[in-house]
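The values are calculated or read from the model by the stated rules, or taken from the named source; none is laboratory data. This is a predicted model, so every value here is computed, not measured. Every residue, glycine among them, receives a Cβ derived from its backbone with ideal geometry; neighbour counts consider all protein chains shown.
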Amino acid sequence: MSLSNHFDLVATDGQARTGRLTTPHGVVRTPAFMPLGTAGSVKGVHWRDVRNAGADIVLGNTYHLMLRPGAERIAALGGLQAFTGWNGPMLTDSGGFQVMSLAQLRKMSEHAVTFRSHIDGASVELSPERAIEVQRLLGSDIAMQLDECLRLPAERSDIERAMQLSLRWAERSRRAFETAPAGHMLFGIVQGGDVPELRQASARGLVEIGFHGYAIGGLAVGEPQSVMLAIIEEVAPHLPKDRPRYLMGVGTPEDMLEAVGRGVDMFDCVLPTRNGRHGMAFTRFGQVNLRNARHADDPRPLDEKSAWPATHGTSRAYLHHLVKSGETLGAMLLSEINIAYYQRLMADIRDAIAKGTFESFREQTRAGWARGDIAAL
């Protein structure tokens, strides 16, 4: 079965693609990086700054929002956008990552995952049908199927079992989604660990079921970057060219740049805000550790050429002071700076693809990271 297409491919340059994904709450320009609003907020960053940085779409999490404040409560308050104040598109993960990350708090069956809430210990069941119901109550523009994500390395038998279960859950998720409002989308998730033939089988099975878009899950969970990129190369040819491709939980700027070159359109990752809270800034020179004592007397900004105010208008010495003092403002400013850098990178990638200069852009960007800002690192 197939579903209506909401994705327009604007330009390609080799395997790299740029396009437009139309949702009920606006258009998403791809390649796109989605800041994490796991529990209904991007940690330490106001929605205004997320939008001003260039983000078209953010991500929320079904498991966390289902537990607190509750999907039914959010629905009664008008859905995620009305509840949070974010007026753009939202994608919600289905809770499949928590199947891995909260393994000590859950039990698996063919029917569903039963979690013991990390908040109050209550027993909560999450089936493919309930995951879709919760995402509909949240009002997310893009919902994800429920799947089982494994940490790598893992035994092939475990990988195949999880992949086959995820395919069965994909069918159930697809059936549960059939009465969703017009314009809302459902993505299937390719699983199969680091085994190419299992990845291919998963991709073919999902395409046969039919989804608005296709995610590659179960990567950046312990495997080397070379394995991740090899799996993307195995999967991409088996996915429809006219549907968006989402690499879940990835990643570093280099990960994203290389994945775009292999045909990926969408990304999410905790790194911009998590690293910001730990004193790390992403820049065109690579990462800068503001905890380092050499910044204490440095009056220069992180990057005088950046368009983001906190990047070009705040001294390294002040950022160092905030970080070392444990001031909340330091984590906020660095999280803003990192989100702005990720969005600038995506915008520059889109521009390079449209101009047919992606390869030279990739080489120049990687050279900048490799060269670094020697006086600052």
- When restricted to Leu345, Leu319, the only residue of a type in the set (A, V, I, L, M), assigned to a helix (DSSP H, G or I) and farther than 18 Å from Val260 by Cβ is Leu319
- Message: Given the criterion touching a helix residue (DSSP H, G or I) at 6+ places or on another chain (Cβ under 7 Å), touching a residue at least 40 places away in the same chain (Cβ under 8 Å) and among the aliphatic types (A, V, I, L, M), identify the matching residue among Leu146, Leu152.
- Response: Leu146
- Out of all the residues in the stretch 73-119, which are free of Cβ contacts under 8 Å to residues at least 24 places away in the same chain and of a type in the set (Ser, Thr, Tyr)? Ser101, Ser109, Thr114
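Each row is one residue, and each column tells you yes or no for (1) crowded, with 20+ Cβ neighbours inside 10 Å; (2) hydroxyl-bearing (Ser, Thr, Tyr); (3) closer than 17 Å to Arg29 by Cα.
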{"residue": "Ala203", "(1), (2), (3)": "yes, no, no"}
{"residue": "His212", "(1), (2), (3)": "yes, no, yes"}
{"residue": "Gly217", "(1), (2), (3)": "yes, no, no"}
{"residue": "Pro240", "(1), (2), (3)": "no, no, no"}
- Do we have any residue at all in the stretch 295-304 that's in a helix (DSSP H, G or I), crowded, with 19+ Cβ neighbours inside 10 Å and at pLDDT 95 or above? yes
- Sort out which residues of the stretch 95-111 are at pLDDT below 95 and either acidic (Asp, Glu) or in contact with a strand residue (DSSP E or B) (Cβ under 6 Å, 6 or more places away or on another chain) (or both), and write them in order of number. Gly95, Val99, Leu105, Arg106, Lys107
- Query: Do you know which residues across the stretch 258-291 are over 14 Å from the mean Cα position of the chain (by Cα) and either in a helix (DSSP H, G or I) or within 24 Å of Gln98 (Cα to Cα) (or both)?
  - Reply: Glu258, Asn275, Gly276, Arg277, His278
- Return the only residue of Asp13, Asp93, Asp8 being surrounded by fewer than 23 Cβ atoms within 10 Å (Cβ to Cβ) and either in contact with a helix residue (DSSP H, G or I) (Cβ under 7 Å, 6 or more places away or on another chain) or within 29 Å of Thr328 (Cα to Cα) (or both). Asp13
